[in-house]
1. Stretched out fully, how many nm does the piece from Ala120 to His54 gain, at 0.36 nm a residue minus the Cα gap?
2. Mean separation of Cα pairs under 8 Å and 6+ residues apart, divided by the residue count of segment 25-129: what relative contact order is that in percent?
3. Please state the shape class of segment 25-129: rounded when a/c is under 1.5, otherwise prolate if a/b exceeds b/c and oblate if not, all from the C-alpha gyration tensor.
4. Taking the Cβ of each residue in Val37, Val27, Val86 as the centre, tally the other Cβ atoms inside 10 Å and list the residues starting with the fewest.
5. Please give me the summed charge of the neighbours of Gly59: other residues whose Cβ is under 15 Å from its Cβ, Lys and Arg +1, Asp and Glu -1.
Amino acid sequence: MTAEVHEVYEPHEPHEVCEDDCGIRDVLDRLGDRWSVLVIVVLAKGTHRFSELHQAIPGISQRMLTLTTKRLVRDGLVERTVYPTVPPQTEYRLTAMGRSLSAAITELANWSRSHKALIAEARSHWDAEHPGGL
C-alpha cells in the first residue's frame, strides 16, 4: 500500500468543547439522507420541472421527491416557483447557498474519484488481515 502524507484538518477558530453537536448535526442529517444530494446534483445543471427531476433521479418516488424538495426549499437551498398555468407548472432551482453547497459536493466527488483506488487498496489490505470481516 502506498504511503501518503495527508494534512490534518485544523479548525479556523480555536477549538471549543461543544455541549451539543455545535449545530452541524441537523445540516449533516439533511445532506446525509438518501435523496437530497442527488436532487442538488441534478439542480446544479440548471432549473428543472418536477417531472424532469423525477426522471433524472432513478428510484425516487414522487412522494419522496416531494418531501425532499420541500425540505430543501425550507432549508434555503432550493427555490420553488409555481406558474399559474393549467395544470400548474412548478420549477426548482438552486439558491446561492445551494450553489455553494453544490460546489462542496463537487469537491467531495472529485476527492472520491481521486482516492477510489487507494481506498480499494486499503480495504483489500484490511480484508486480508481480517478474514472474518467487520
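Throughout, read-outs are computed from the coordinates displayed, never taken from laboratory work. Note that the structure is a prediction, hence the values are computed from the model and not measured. Virtual Cβ from ideal backbone geometry, glycine too; neighbours counted across all protein chains shown.
1. Working: separation 66, 0.36 × 66 = 23.76 nm, distance 3.23 nm.
Here the answer is 20.5 nm.
2. Numbers: 83 pairs, mean separation 27.1, N = 105.
Relative contact order here is 26 percent.
3. Details: a/c = 2.58, a/b = 2.26, b/c = 1.14.
Judged from the Cα gyration tensor, segment 25-129 comes out prolate (a/c at least 1.5, a/b above b/c).
4. Values: Val37 17, Val27 12, Val86 5.
With the fewest neighbours first, Val37, Val27, Val86 line up as Val86, Val27, Val37.
5. For residues surrounding Gly59, the net value is +1.
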